1. Order by neighbour count: ASP121, ASP91, fewest other Cβ atoms within 10 Å first, most last.
2. Two decimals, Cα atoms only, Kirkwood Rh: what is Rg/Rh over the chain?
3. Identify all aspartates and glutamates with a Cα-Cα distance to LYS176 below 13 Å; exclude those on the same chain that are fewer than 8 residues away in sequence.
4. Calculate, in nm to one decimal, what ILE20 and ASN166 gain on full extension: separation in residues at 0.36 nm each, minus their alpha carbon distance.
5. Starting from the Cα of LYS88, draw a straight line to each of the aspartates and glutamates and keep only those under 19 Å, dropping any in the same chain fewer than 8 residues away.
6. I'd like the distance between the alpha-carbon centres of region 61-100 and region 113-138, rounded to an integer number of Å.
7. For the peptides 16-24, 53-61, 39-47, what is the packing order when you average, over each peptide's residues, the other Cβ atoms within 10 Å and list the highest mean first?
8. Tally Lys/Arg at +1 and Asp/Glu at -1 over every other residue whose Cβ is under 14 Å from the Cβ of ILE73; what's the total?
Amino acid sequence: MFRLPLILLIIAIGLVAYVISVYNSLVTLRNRFKNAFAQIDVQLKRRYDLIPNLVETAKGYLSHERQTLEAVIAARNSAQQASAAAQKNPDAQNMQALNAAEGQLSGLLTRFFALSENYPDLKADANMRQLSEELTSTENRVAFARQAYNDAVLAYNNRRELFPANLISERLGFSKAELFEAQSPAEREAVKVSF
């Protein structure tokens, strides 16, 4: 007679313990992917800070290429705003906006460096070479940070989607995280810097 309530109590305690365990692991994994995004944000900020210096260095040499220089700065500002929005709320819409803005910026940087190849004096400028090397290093850091972020998102999404955690993850407020992916084939190519 007392066995049935005791068994039900043990089952209830086990279920509560399981829900707590799932909740805690999802919080841990969500915090990991948010931290990984913060690392991307650090590298993107470094990239955004380098771009105006590159443009300023190139302005004297590329004075009649004003449209390209202005487009690079506009794309940088747009990417910076998208990054700030994604940092506050890394939902699907903000991550897609960031991916699109980064794709546009990468494309314009590629165009900028292709254009600057036609100016031997610019290629010989020590400041331009140093900034280009820093940008190349930053691009590599961004790539590594993106990979770490995507790995953290994969672990989080797997945990929330695997059975039986998937039965309660949505109810606990854990929605799917978005990967940081290249939007266009041009964005998948590295920015080529050769001075």
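1. Numbers: ASP121 9, ASP91 14.
If I rank by nearby Cβ atoms, fewest first, I get ASP121, ASP91.
2. Working: Rg = 23.4 Å, Rh = 19.2 Å.
With Rh from the inverse mean 1/r over Cα pairs, Rg/Rh is 1.22.
3. Answer for LYS176, where 13 Å is the Cα cut-off: ASP91, GLU161, listed by chain and number.
4. Numbers: separation 146, 0.36 × 146 = 52.56 nm, distance 1.39 nm.
Taking 0.36 nm per residue and subtracting the Cα distance, the gain is 51.2 nm.
5. ASP41, GLU102, GLU178, GLU181
6. 21
7. Values: 16-24: 12.8, 53-61: 17.0, 39-47: 18.9.
Put in order of decreasing packing, that is 39-47, 53-61, 16-24.
8. Taking every other residue near ILE73 into account, the sum is +1.
Values in this text are rule-based calculations from the coordinates and carry no lab data. Remember, predicted model here, so these are calculated numbers, not experimental data. With ideal geometry, Cβ positions are generated from the backbone for all residues, glycine too; neighbour counts draw on all protein chains shown.
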